[in-house]
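Written out below as structure tokens is the structure these notes cover.
Throughout, read-outs are computed from the coordinates displayed, never taken from laboratory work. The structure displayed is predicted, hence computed values, not measured ones. As a convention, Cβ positions derive from the backbone with ideal geometry for all residues, glycine included, and neighbour counts pool all protein chains shown.
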Amino acid sequence: MNGLIQDVRFGIRQLHKSFGFTSVAAFTIALGIGANTAIFSLVSGILLRPLPYPRPAELVSVTGTYPKGAFNAMREQVRSMEVAAYAEGHEYNLTHVGDPVRLTGTPVSSEFFSVLGARPELGRTFVSGEDATGNDRYVILSHNLWEQRFAANTNVVGRSIELEGTSRQIVGVMPANFQFPSPKTEVWVPLHNDPSNQVEYWAGDFMPVLGRLRPGTTLAQATAEVRLFQSRVFGLFPWTMPKAWNADVSVVELRSGMVGNVRTRLLLLLGAVGLVLLIACANVANLMLSRAATRAKEMGIRSALGAAPRRIARQLLTESVLLALIGALLGFALAGTGLSALKAALPADTPRLQDVHLDWRVLVFTGALAIVTGLAFGLAPALQSSKAALSEALNSAGRGASVAVSRGLRGSLATAEVALSVMLVIAAGLLIRSFWALSHVDPGFRADRIVTARITPNQSFCADVERCVTFYRNVVDQVRTSPGVSAAALVNTLPLGGRVSKRSLDIEGFVGSNDEKSPLFWLDVVTPDYFRLMGIPLLSGRAFSSADETGDAAVVIIAASSAQRFWPGQNALGKHVRFSRESEWRTVVGVINDVRAYDLQHNTPEFMRGTIYVPYSPKATLEGGRVPAEMTMVIQTGADEGQVGAMLHRTIAGLSAEAPVTEVKTMRTVISEAVATPASTTFLFSSFAGVALILGIVGIYGVLSFLVSKRRKEIGLRMALGARRGDILLLVMREGATFAVVGIALGVAGAAFLAKLLATQLYGVSPMDTVTYASVAASVSVVTMAACYVPARRAMQVDPLIALRND
Amino acid sequence: MIELKNLERSYKTPAGQTWVLRRVNLEIREGEFITVMGPSGAGKSSLLNVLALLDDAWEGEYWFREEAVHQMKRKQRAELAKRNIGMVFQSYHLLDDLTVQENIDLPLSYKDIPRKERQSLVADTLDRFQIVAKKDLYPSQLSGGQQQLVGVARAVIHKPALLLADEPTGNLHSGQAKEIMELFRELNQQGTTIVQVTHSDANAAYGSRTIQLRDGWMVGDTANPSLSQPAEVSAS
């Protein structure tokens, strides 16, 4: 113990003495550990931290989604766990509490809170039976909403509020840390279980299901039971469900169920920063080797005085770990500063982002990482020095050998640094090319000079179809004639807006399998100017006209790929489609270009078979037979979104006191938000690759500089024997080139492996894209050669007379 | 072959200018074997470095076979040295990572000589110095005498007209020293002009002419008995 204290004391003195070395090494380590700490805090908060509910290990999630009817059957039949369901993507207008406001709300089954074990801050949660029709006029507020709209009034429980035109009684307020399923949730309302509304009950929301395992039940048992239920549930539907629906359903931990594909991206980023740390370690190991060379005499004396090689190695390892701990402290501070920027760089819908912060877990991780890092970069130099010390003490002949070993080791470290950098830069290059490809996808519509805004009157407002249609007709007319507006139109589901609108269709002449007799379509309800305003080309037939808005003529326009799919080689014009469970056939009057509506890679989600447009009219019914109440206005204008927002608020307020205007943004912003996830992954990965490349270049520069300084005499001699400056330049550059070429070759091979892991994140570029590989290899060659040129130039300046003077 | 006229060399130090060679006038004829002697700090090695054209920062005139070296640019001087001069060092200065054969080949590698010709020259030299058996050994595997033998072989492989040797036997015992000096005599007899720096009278005896240096001044030359000590030196 005394020896260790002595080692620590001596180590601190040594690091203090070599302040320059300590600063550079600690900063390098801080970069590596800081990046790892920041990403680990994401991993810890999102993937590892237990959910903030009692007995979180019992909480599970079912991988499939179920409509109300199927969920209620599951609730009755499944015994291995208590289940609850919640529907996503709902919004409600809160009226008569200040200005009308659009709230994000989550309809939940009555057991939702009890399954999670969540307790309210005020009042109570829902009790059994409160999700049945006729007994469901309740609401629970989020802490934020309670503070902002109700001034944190503790008497709010029992009061009634109007949500979406329906009066609901506030039964409770949840605490600030309850944010399930999302921090955006502002109200929770009971599911409206109404078996008499067959469409809504069996085809409305397909809801995620969560559960709490009963004592003694395993995930496997729960999965087996849910699969058994799944095999039976088909028979309960009033129609035939596709066999593929929930085919691979299973029960997983709720924590992993919540994070979805974020896991892959986080693990990729963790891998990237792991490589950055390895490069930093190699860099510092090289610095340590250089420093060890200057301390050879000290080690020789220690050895001559009886220090065993192990003792010398321990001394040096103690110094390394001390150095790593200093780096870790700095890195922790860097991570603390960078974490908020990192969180801002991630898409806002990243799950559990609110759980991400630096806490004791991250601190323990950083401390452990520091010790491992210290040992990693200190081991080779320590072993090297202890061996050298022995030979130094025994005879001077061994020196040449140890220098040669050190040179080989340095070369290997520099080569490894280049290889790891190349791996990361190629991976970043693939992501950048993929992002470029995604950003340059033709979405099928025009985005310039278009501002969009959601208008959301209550559903009850649109129960009176004529009132709803008239309202929107007036909105369009007034906005269209507003100053600065060239055109205005409405669509129920804005392309790339993050919402989905679906409807099953019967298609004339199409005989699908039992599973697909009435394929599911993306249904867009639009006003006549929509296609022209959005620049969506009409390929054949005609666009909608104002005459179609009456609904007298039942007409549709179909997307080109959908027409081709269902009527291959035929003219779609004049064909007919029919909304499921309706009797009237609608005539196809136009074929329109495809639009990337779901995301930039897909026109529709995979479970949909096509896209169809209907004119906004009393006949433009969604599932449930109602006309869409929520519409998005698209406005062609040179004004910015602020001006348009103000104009819209004025216009809408004049037409209805209960229709909030929200999400006023340009179409360009809508597109940027659609690529936010790949943008953030690409940005973060590229940043880490940049750091890696800088560290790699510094590494190769450091090694060559050291070698040149050690070879001054040799270089001087070569010059005395006739070597020209060009020969010397070549000599040093050749050495650097060897490290670079081997490093790049290894890096390219490593990147091919890494790229396979990245494949799911790539779009429009192959994981083996030769352009990326070749251009990165060429660029890194140029950059490393530039790094080699500096020490090579210094070598050219060696004065043979001075180099040989000690003769 | 060489004529130095009023050649001077000094260094700037914090204490002022320090002279290491003062007004040196020296003529070296083809085929001579000159020994430069003098106490430590007399300027012997400095003179040798100037003759070897390793040092550029001197003043005065340096003529090499009628060519005005003092008017040449650095590159031209380097070319001249490469063609005509060979150097032997006290501590051999062999490259540790190269074998005997590769060390000997080193000066040739910096000339535009075809590879085959170089191989042939190296083989001849190894044979001539009787070190064929050692050609694949590294310097650390040789004795001091053997290392210096390689050093001499390397210095003469490109058949220089002038061989400069700075304390060539300084690190050798007397037996090895004798062998090296015999080798120098043989080279001299074959036509190589040699200038050696030494403290050893025995080594000096191999030469045909001895020059004495003291405090940078040339104070003695057996070929010019009338050369007298300068006033400053004699006064001190």
Straight-line reach from residue A:619: which lysines have a Cα under 23 Å away, not including same-chain ones fewer than 8 places off?
A:502, A:517, A:575
DSSP H helices in chain A with Cα extent of 27 Å or more along the helix axis and mean Kyte-Doolittle hydropathy at least 1.0?
A:19-43, A:262-294, A:309-345, A:360-394, A:398-439, A:676-710, A:725-758
Pop a pseudo-label 7 angstrom from the Cα along the beta-carbon direction at both residue A:311 and residue B:18 and give the gap in nm to one decimal.
4.2 nm
Between the modelled labels at residue B:120 and residue A:97 (7 Å from Cα along Cα→Cβ) the distance in nm is 10.3 nm
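How large is the charge dipole for region B:1-148, taken about the Cα centre, if only the Cβ atoms of Lys, Arg (+1) and Asp, Glu (-1) carry charge, to the nearest 20 debye? Provide the component values of the computation, followed by the final result.
Details: 21 positive and 21 negative charges, 50 e Å.
Taking the Cα centre of region B:1-148 as origin, the dipole is about 240 debye.
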With each pseudo-label sitting 7 Å past Cα toward Cβ, what's the residue A:196-residue B:97 distance in nm, one decimal?
9.2 nm
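Give me the percent relative contact order of region A:56-257, please, defined on Cα pairs under 8 angstrom at least 6 residues apart.
On the way: 406 pairs, mean separation 73.7, N = 202.
The normalised contact order for region A:56-257 reaches 36 percent.
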On a straight-distance basis, which aspartates and glutamates could pair with residue B:5 in a cross-link, Cα separation under 20 angstrom, same-chain partners fewer than 8 positions away excluded?
B:27, B:30, B:32, B:55, B:56, B:59, B:61, B:66, B:67, B:215, B:221, B:232
If R₀ is 51 angstrom, what is the calculated FRET efficiency for the pair residue B:40 and residue A:774, using the beta carbon separation as r and rounding to 0.05?
0.25
Assuming 0.36 nm per residue, please report the length gained on full extension of the stretch residue A:760 to residue A:12 beyond their Cα-Cα distance.
264.5 nm
Taking +1 at the Cβ of each Lys and Arg and -1 at the Cβ of each Asp and Glu, which of A:169, A:238, A:62 sits farthest along the dipole of region A:56-257 towards its positive end, judged by Cα position relative to the Cα centre?
A:62
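Please state the relative contact order of chain B as a whole percent: Cα pairs under 8 Å, 6+ residues apart?
Relative contact order for chain B comes out at 29 percent.
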As an exercise, use a Förster radius of 51 Å and the Cβ-Cβ distance of residue A:360 and residue A:785 to find the FRET efficiency, rounded to the nearest 0.05.
0.65
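Before anything else, pin down the relative contact order of chain A: Cα pairs under 8 Å, at least 6 apart, normalised by residue count, whole percent.
On the way: 1470 pairs, mean separation 132.8, N = 807.
Dividing the mean separation by the residue count of chain A yields 16 percent.
Once you've got the Cα coordinates, tell me which of B:12/B:44; A:713/B:111; A:710/B:134 are over 23 Å apart.
Numbers: B:12/B:44 19 Å; A:713/B:111 21 Å; A:710/B:134 27 Å.
Check vs 23 Å cut-off fails for A:710/B:134.
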What residue among B:107, B:130, B:43 has its Cα farthest toward the positive end of the dipole of region B:20-145, where the charges are +1 on Lys, Arg and -1 on Asp, Glu, each on the Cβ?
B:43
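Where both residues lie in the protein assembly as shown, what percent of DSSP beta bridges are antiparallel, nearest 5?
On the way: 81 of 118 bridges.
The antiparallel fraction comes to roughly 70 percent.
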Along the charge dipole of the protein assembly as shown, pointing to its positive end and built from +1/-1 on Cβ of Lys, Arg, Asp and Glu, which listed residue (A:14, A:678, A:633) has its Cα farthest out?
A:14
Using 1/(1 + (r/R0)^6) with R0 = 60 angstrom and r between the beta carbons of residue B:201 and residue A:694, what's the FRET efficiency to the nearest 0.05?
0.45
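With only Lys, Arg, Asp and Glu charged, each at its Cβ (+1 for the first two, -1 for the last two), find how big the charge dipole of chain A is about the Cα centre; round to the nearest 20 debye.
On the way: 75 positive and 61 negative charges, 871 e Å.
The calculation lands at about 4180 debye.
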Taking amide hydrogens as modeled 1.01 Å from N in the peptide plane, which residues meet the under 5 Å criterion relative to residue A:91, leaving out close sequence neighbours?
A:105
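What is the gain in length, in nm to one decimal, between residue A:261 and residue A:441 on full extension, counting 0.36 nm per residue of separation less the C-alpha to C-alpha distance? Write down the numbers at each step before the final one.
Working: separation 180, 0.36 × 180 = 64.80 nm, distance 2.27 nm.
Between residue A:261 and residue A:441, full extension yields 62.5 nm more.
Taking the Cα centre of region B:94-236 as the origin, how large is its charge dipole in debye, to the nearest 20, when only Lys and Arg (+1) and Asp and Glu (-1) carry charge on their Cβ atoms?
360 debye
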